[in-house]
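What follows draws every value from the coordinates through simple rules; no lab data is involved. This is a predicted model, so every value here is computed, not measured. Cβ placement follows ideal geometry from the backbone for every residue including glycine, while neighbour counts extend to all protein chains displayed.
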Amino acid sequence: MKYRQLTKEQLENLHEEFARFLASQKIDVTEWNQLKKEKPQVADDELNVFSDIVWDDVLTKTQYLEHFSKKSINLFQCDETKIHRLVVTIDKEINLLEKEGFEWLFKNPKDTTIDYFKASKEYSSERNSEIFDLIEKGSNISKGELYAYFTQLIS
């Protein structure tokens, strides 16, 4: 398995796609239920294959990630060959995870207690695997608005 199996909730949200996947494997509902009972490892293998297909599709389309903590925001732009990182760090008694702290940042983006760091690197392994690793570590896929805002701000 390349990534990890989708959660039960994720699979429930993709039940139609999973049904089509099973149909493409020539497995109908009756056979699926029988597989789950009699050959749980084979059923698990099918879930793993489906999960990898879904993850590959999602990760290939991912262009931006965000990761928030109390004192910093890590923003990533994921292009084909490089990942670009912009870090916003606050050295002040505010919490960026709370609405007030986040609003303070936008009202005071040039405050001396804010540091900006920007860097780029080529992927050290396969692109989608690196993006998946960032997601597993707490990053969320985004549309890139914050990345664009802070990039323009520090340029």
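Observations on the model:
- Across the stretch 64-154, Cα pairs under 8 Å and at least six residues apart give a relative contact order of 35 percent.
- Taking N as its residue count, the alpha carbon Rg of the stretch 64-154 over 2.2 N^0.38 Å: 1.10
- Whole-number percent relative contact order across the chain, with pairs defined as alpha carbons under 8 Å at least 6 apart: 23 percent
- As a proxy for reagent exposure, ranking GLU130, GLU80 by other Cβ atoms within 10 Å from fewest up yields GLU80, GLU130.
- Projected-area average for the chain over all orientations - Cα convex hull basis, square nanometres: 11.3 nm²
- Rg/Rg_globular for the stretch 8-61, with Rg_globular taken as 2.2 N^0.38 Å and Rg from C-alpha atoms: 1.14
- Partner lysines for LYS26 [C-alpha distance under 23 Å; skip if fewer than 8 residues away on the same chain]: LYS8, LYS36, LYS37, LYS39
- For PHE76, PHE106, PHE132, order by how many other beta-carbon atoms lie within 10 Å, fewest first: PHE106, PHE132, PHE76
- Whichever lysines have a C-alpha closer than 26 Å to that of LYS118, once near sequence neighbours (fewer than 8 apart) are set aside: LYS61, LYS70, LYS71, LYS82, LYS92, LYS99, LYS107, LYS110, LYS137, LYS143
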